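Note sheet for the following structure.
The values are calculated or read from the model by the stated rules, or taken from the named source; none is laboratory data. Only a predicted model underlies this, so the values are computations on that prediction, with no experimental measurement involved. In this analysis, Cβ positions are derived from the backbone assuming ideal geometry, glycine residues included, and neighbour counts consider all displayed protein chains.
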Amino acid sequence: MISATELAKFPSLEWEDAAPRMSSQCRAAVEAVLASQNGNVLSREQCLILANTEGDDLLGLLLAADMLRRELVGNIVTYVVNRNINFTNVCFVGCKFCAFSRGPRESDAYFLDLEQVAEKAKEAWQIGAREVCIQGGLPHGLPPFYYRDILRAVKHAVPGMHIHAFSPMEIVYGVELTGMDLTDYLRMLRESGLDTLPGTAAEILDDQVRHVLSRNKLSAARWEEVIRTAHRCGIRSTSTLMYGHMETPEHWVNQLLLLRGIQEDTGGFTEFVPLGFVHQNTLLFQQGLARSGPTLAEHLKIHALARIVLAGAIHNIQVSWVKLNRSLSQLCLRSGANDYGGTLMEENISREAGATAGQYTSPEDFQALICEVGRIPAERNTTYSRIKIKAPAANFGQEFSETEFTFA
């Protein structure tokens, strides 16, 4: 095994330092991806070997992922200025990994009306946010077209705001409430203002694991159907995986290969986001069904593995800062990641589960974190089609100049 101390020192090394110490199988797999810059050269068996790396092989994987990141997306680290709006914490689904949901009669249960959601979006726009991420619990008795009405209320209040909203689970609930066909429902939401879809509610896309995590949640096949249909309707999405609970490295590989296959068919994913399990306040951990969150090695390995396996398909690997501390998020940036996610004013879900990174990271904080690892900070839009480089002054001082780029 490689120690936490050794892992923490890996950023000072280069791929050439680690490669001679790797096993022949791991080195051959990594070198094949480095040469092609495409993870599709790997067999499933090779992916499993990389997912189970330890010691020198793990160190080599991290360094190779960072080198590949540099070659594919350069030294820019992006972030988006956004606000999180959880319109209700009332939910009947009963996910054992969630500490956010409440019953309708609990004293701290809440439900925002349309005007309150719109006002939060307006406040976010006034302080510089250009995206709102809207998700909530699934309460009984939700008005059938409530998701549509949220979109209309936000777009009416702030026409220029990008709405990133509603997990595939919420989409399925909306379909059930309205009785509409999935495609027609998604088209209605798009026409009402939905811009992109969070690829959450994925956790681990294996129904045996999902049955333990949340027996009432949509199946893996239904999640994939929603995502593929959204992409066909012109609604792009993120992609996610929750790690550090009861899953195995084989589940990581299966999910990464599934996401890669979807991307090769649709091109609809904007990024991949590994989500570390925050265990402290969850039933899953309290009932002895999960380990106590990811290890340091797992945090770094999943980001590196994603960079290697998804190379040539999904270009952006995001660090979920709300689930990591400052130094760990920076180590993940050195392990293949190139995006810090959103500022997330009012982040609630991870905080309720026990995360201690806070509810908000300012653009200035992102810029400082990025500069500390010798990278270039840049503000982006949701789809990465526009970035504004916050070029640091000499010696990474506090003054930044801006250069904006727009991509087709």
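Structure values in brief
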| quantity | calculated |
| --- | --- |
| Members of segment 251-265 that are surrounded by 22 or more Cβ atoms within 10 Å (Cβ to Cβ) and in contact with a helix residue (DSSP H, G or I) (Cβ under 8 Å, 6 or more places away or on another chain) | W252, V253, L256, R260 |
| Condition check for R70: surrounded by fewer than 17 Cβ atoms within 10 Å (Cβ to Cβ) and at pLDDT 95 or above | yes |
| Contacts under 9 angstrom Cβ, first residue in segment 1-21 being modelled with pLDDT under 75, partner surrounded by 11 or more Cβ atoms within 10 Å (Cβ to Cβ) and not in a helix (DSSP H, G or I), 6 or more apart | M1/E54; I2/E54; A4/T295 |
| Hits in segment 294-313 (condition: buried (at least 21 other Cβ atoms within 10 Å of the Cβ) and either outside the structural domain of T240 (by TED's automatic domain parsing) or touching a strand residue (DSSP E or B) at 6+ places or on another chain (Cβ under 8 Å) (or both)) | P294, H299, I302, H303, A306, R307, L310 |
| Looking only at segment 78-105, and only at residues there that are out of contact with any Gly (no Cβ under 7 Å at 6 or more places or on another chain) and either of a type in the set (K, R) or free of Cβ contacts under 8 Å to residues at least 40 places away in the same chain (or both), the one that is surrounded by the most Cβ atoms within 10 Å (Cβ to Cβ) | R83 |
| Helices (runs of 4 or more DSSP H) completely within segment 165-216 that count 1 or more residues being closer than 21 Å to L257 by Cα | 168-178, 207-213 |
| Filter result for G268 (in contact with a His (Cβ under 8 Å, 6 or more places away or on another chain), crowded, with 20+ Cβ neighbours inside 10 Å and within 28 Å of P139 (Cα to Cα)) | no |
| Filtered residue count, segment 61-93, keeping only those that are part of a loop (DSSP other than H, G, I, E, B) and either of a type in the set (S, T, Y) or closer than 30 Å to A297 by Cα (or both) | 3 |
| Selection count, segment 143-200, where residues are closer than 19 Å to N82 by Cα and within 24 Å of the chain's Cα centre (by Cα) | 19 |
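Yes or no, residue by residue, for (1) modelled with pLDDT of 95 or more; (2) not in a loop (DSSP other than H, G, I, E, B); (3) not charged (D, E, K, R):
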{"residue": "H299", "(1), (2), (3)": "yes, yes, yes"}
{"residue": "A311", "(1), (2), (3)": "yes, no, yes"}
{"residue": "H315", "(1), (2), (3)": "yes, no, yes"}
{"residue": "S327", "(1), (2), (3)": "no, yes, yes"}
{"residue": "T356", "(1), (2), (3)": "no, no, yes"}
{"residue": "Q359", "(1), (2), (3)": "no, no, yes"}
{"residue": "F366", "(1), (2), (3)": "no, yes, yes"}
{"residue": "T382", "(1), (2), (3)": "yes, no, yes"}
